[in-house]
Amino acid sequence: FRIYFKNAARSKGVTGEVLLQLLERRIDNVIFRLGFASSRAQARQVVKHNHFIVNGKTVNIPSFLVKQGDIVEIKKTKENMNKLVKVTLEKIADRQVPKWIKRDDQKLTGEIIDMPTKEDIGFHVNENLIVELYSK
């Protein structure tokens, strides 16, 4: 977390908002937001087990940061994962995908069409308190 804070502090913009943006862009969070996993812990596990590809390359590091234009997809060789994702999508059909991600339900892919904002998080976070704590 300290590394994320240092990166946010060095970048342009409001440190707290940049920090939240960095955390939102993690691949395990993106997979959860796409609805390909029912929890962030499950998303983290399927990333570690090499089930996902970003822009044609396997990603097995949950902290991998996606950027605008990236395509996230399930490996074609992982048939069991395709079934798991379809079941998960049925269970959480009412969960909305954030506006900064576009999901293709037919191909089971997602595209990062924009950078996340503070409003896209979905719950209230007082990032000023986090900045105060970590800037000491």
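Odds and ends about this structure:
- Applying the Karplus relation 6.51 cos²θ - 1.76 cosθ + 1.60 with θ = phi - 60° to segment 47-54 yields 3J(HN,Hα) values of 5, 4, 8, 6, 8, 10, 10, 10 Hz, where x marks Gly and Pro.
- Translational D in µm²/s for segment 56-127 (Stokes-Einstein at 37 °C, 0.692 mPa s, Kirkwood Rh from C-alpha pairs): 234 µm²/s
- Dipole size of the chain about its Cα centre, with +1 on Lys/Arg Cβ and -1 on Asp/Glu Cβ: approximately 500 debye, rounded to the nearest 20.
- In the chain, helices alone account for a calculated mean residue ellipticity at 222 nm of -12000 deg cm²/dmol, with every DSSP H run of four or more residues adding -39,500 (n - 2.57).
- FRET efficiency for SER135 and ASN50, using Cβ-Cβ distance with R0 set to 41 Å, rounded to 0.05: 0.65
- Under the Karplus curve 6.51 cos²θ - 1.76 cosθ + 1.60, θ = phi - 60°, whole-Hz ³J(HN,Hα) for segment 103-117, x wherever Gly or Pro sits: 9, 10, 5, 6, 8, 6, 10, x, 10, 7, 9, 7, 8, x, 10
- Computed from the Cβ-Cβ distance with R0 of 41 Å, the FRET efficiency linking VAL14 to SER38 stands at 0.80.
- Loop-resident sites, segment 1-105, for chymotrypsin sites (Phe, Trp or Tyr not before Pro), counting at most 13 other Cβ within 10 Å (DSSP): PHE1
- For segment 44-136: accessible area per residue (Å², 1.4 Å): 66 Å²
- Selected from VAL14, ILE27, ASN50, residue furthest toward positive end of dipole (the chain; charges at beta carbon): ASN50
- The residues neighbouring ILE61, those whose beta-carbon lies less than 12 Å from its own, together hold a net charge of +3 under the Lys/Arg +1, Asp/Glu -1 convention.
- A DSSP coil position with no more than 15 other Cβ atoms inside 10 Å describes the following trypsin sites (Lys or Arg not before Pro) in segment 30-116: LYS67, LYS75, LYS76, ARG95, LYS99, LYS107.
- Net charge contributed by nearby residues that have their C-beta within less than 14 Å of VAL97 (K/R +1, D/E -1): -2
- Taking only the alpha carbons of segment 14-136, we obtain Rg and Dmax values of 14.8, 48 Å in that order.
- Too-long pairs where the Cα-Cα distance tops 18 Å, listed order kept, from LYS91/LYS118; LYS48/LYS75; LYS6/LYS136; LYS67/LYS136: LYS91/LYS118; LYS67/LYS136
- Treating r as the C-beta distance of GLU90 and PHE123 and R0 as 30 Å, the FRET efficiency rounds to 0.75.
- Using a cutoff of 8 angstrom between alpha carbon atoms and counting only pairs six or more residues apart, the relative contact order for the chain works out to 26 percent.
The values are calculated or read from the model by the stated rules, or taken from the named source; none is laboratory data. Just so you know, these numbers come straight off a predicted model, no measurement behind them. Neighbour counts are summed over all protein chains in view; Cβ atoms, including those assigned to glycine, are modelled from backbone coordinates with ideal geometry. With ligands, DNA and RNA removed, areas are computed over all heavy atoms of the protein, side chains included. Shrake-Rupley method; radii C 1.70, N 1.55, O 1.52, S 1.80 Å.
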